[in-house]
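The next block holds one structure in the form of structure tokens; read it before the comments.
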Amino acid sequence: MWGGKRVSVVLMTYAERDSIRRVIEGFFDTGVVDEVLVVNNNAEPGTEEEIRSTPARQVYEPRQGYGHATRRGLLEASGDLIVLAEPDGTFVPEDIRKLLVYSEECEAVLGTRTTRELIWQGANMEWFLRWGNWAVAKVIEALFNTSHLSDVGCTYRLLRRESARRIAESMTVGGSHAGAEILLLAIASGTRFVEVPVNYLPRVGISSVTGKPLAALAVGLRMILLIVRFRGRMPRRMPRPAALGLDGRPTSENAGDRVQL
């Protein structure tokens, strides 16, 4: 619980058999997580057994792809605050507190892995990925006139339940570039968001997306194409984020600025 609100952590798994159990236990050990929901996206053999040895709840998404698995997790999670993370050991469970602190003021809290001092030795964040994520984030910041953005690819994120459901119901991307669509949908709906720096550790095993430079480049190009097309469909004047009242909810005078997704 955090401030009287239930906290769910959603983990999408495909090739994280050797790390997922430790990650699940790490989130429960923080003392603030009420539910860990694992979306089994045709995971490698042995993963299911690792999950069953923990208190985590498991659901299955047969459609392959990060976007499909994320959408299922956002819709299935029962918490008031829903945190997306990775089961590959790259994120520190204790960093969830950073996201939760800002959840009292914003509807979405985004992690960023571009703070050099928090990138651990051996982490897969060499200059190409670091500056590539930064550059695409700045494209979004410029095109949509948003708050500061520095890492479009960070998947350690928090969404309030109402925002999570609204975004999930509007998602169309099933592949690895779905993280950018989630961000764009949040911006388009006038969601208040903020970025916070998180630790980034070496991955356990090899990523099927960022483990190879050409694969990472392909994802980045799909993100850019998605961003350009998305901007073309949006009004010239983007909605301003709604001001929050004392109860942490958007005030009624600003609610009308939201774009219907």
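Rolling a 1.4 Å probe over the protein heavy atoms leaves HIS148 with an accessible area of roughly 110 Å².
Using a cut-off of 14 Å between beta-carbons, work out the net charge of the residues near GLY65 (Lys and Arg +1, Asp and Glu -1, GLY65 not included). Net local charge, GLY65 excluded: +2. Taking a quarter of the surface of the Cα convex hull of segment 1-78 gives a mean projected area of 4.8 nm².
Only protein heavy atoms count here; on that basis, with a 1.4 Å probe, TRP120 has an accessible area of about 120 Å².
Taking the protein heavy atoms of the chain in the context of the full set of protein chains, the accessible area attributed to carbon and sulfur is 54 percent at 1.4 Å. Here segment 115-158 is treated as a sphere whose radius is the Kirkwood value from Cα pairs; by Stokes-Einstein at 37 °C and 0.692 mPa s it diffuses with a coefficient of 290 µm²/s. Entry note, the chain: the mean residue ellipticity at 222 nm calculated from DSSP H runs of n ≥ 4, each adding -39500 (n - 2.57), is -11500 deg cm²/dmol after division by the residues and rounding to the nearest 500. Normalised per residue, the accessible area of segment 1-160 is 43 Å², obtained with a 1.4 Å probe and no contribution from ligands, DNA or RNA.
Surface listing: VAL39, VAL204 arranged by accessible area from highest to lowest gives VAL204, VAL39, probe 1.4 Å.
Inter-label distance, TYR60 to ASN145: 4.9 nm, where each label sits 7 Å from its Cα along the C-beta direction. Label segment 77-163 by shape, choosing from rounded, prolate and oblate, from the square roots a ≥ b ≥ c of the eigenvalues of the Cα gyration tensor; if a/c is under 1.5 it is rounded, and otherwise prolate applies when a/b is larger than b/c, oblate when it is not. Oblate. Among the DSSP beta bridges whose two residues both lie in the chain, what percent are antiparallel, rounded to the nearest 5? Roughly 30 percent of the beta bridges in the chain run antiparallel, per DSSP.
Each Cα pair under 8 Å and six or more residues apart adds its sequence gap; the mean of these over the residue count of segment 80-232 is a relative contact order of 39 percent.
Binning at 5 angstrom from zero up to the longest distance, how are the C-alpha pair distances of segment 147-188 distributed in percent? The percentages, shortest bin first, are 5, 20, 36, 26, 12, 1. Taking the inverse of the mean 1/r over every pair of distinct Cα atoms in the chain gives a Kirkwood hydrodynamic radius of 18.4 Å.
Each of MET1, MET125 has its accessible area taken with a 1.4 Å probe; listed largest first, they run MET1, MET125.
In order along segment 158-170, the phi-based Karplus estimate (6.51 cos²θ - 1.76 cosθ + 1.60, θ = phi - 60°) of 3J(HN,Hα) comes to 10, 10, 5, 4, 5, 5, 4, 5, 4, 5, 4, 5, 9 Hz; Gly and Pro are listed as x. Structure remark: mean-square fluctuation, Gaussian network model of the chain, C-alpha springs under 10 Å; the largest value among VAL109, VAL36, VAL173 belongs to VAL173.
The distance between label points at ARG229 and LEU75 comes to 2.1 nm (points 7 Å beyond Cα on the Cα→Cβ vector). In this structure ARG21 has an accessible area near 100 Å², from a 1.4 Å probe over the protein heavy atoms. Across the protein chains, with a 1.4 Å probe defining accessible surface, the residues ARG231, ARG57 rank ARG57, ARG231 from largest area downward.
The values are calculated or read from the model by the stated rules, or taken from the named source; none is laboratory data. Everything quoted here is computed from the prediction, not taken from an experiment. Heads up, the Cβs are rebuilt from the backbone with ideal geometry, glycines too, and the neighbour counts pull from every protein chain shown. SASA here: full protein model, heavy atoms, side chains in, ligands and nucleic acids out. Shrake-Rupley method; radii C 1.70, N 1.55, O 1.52, S 1.80 Å.
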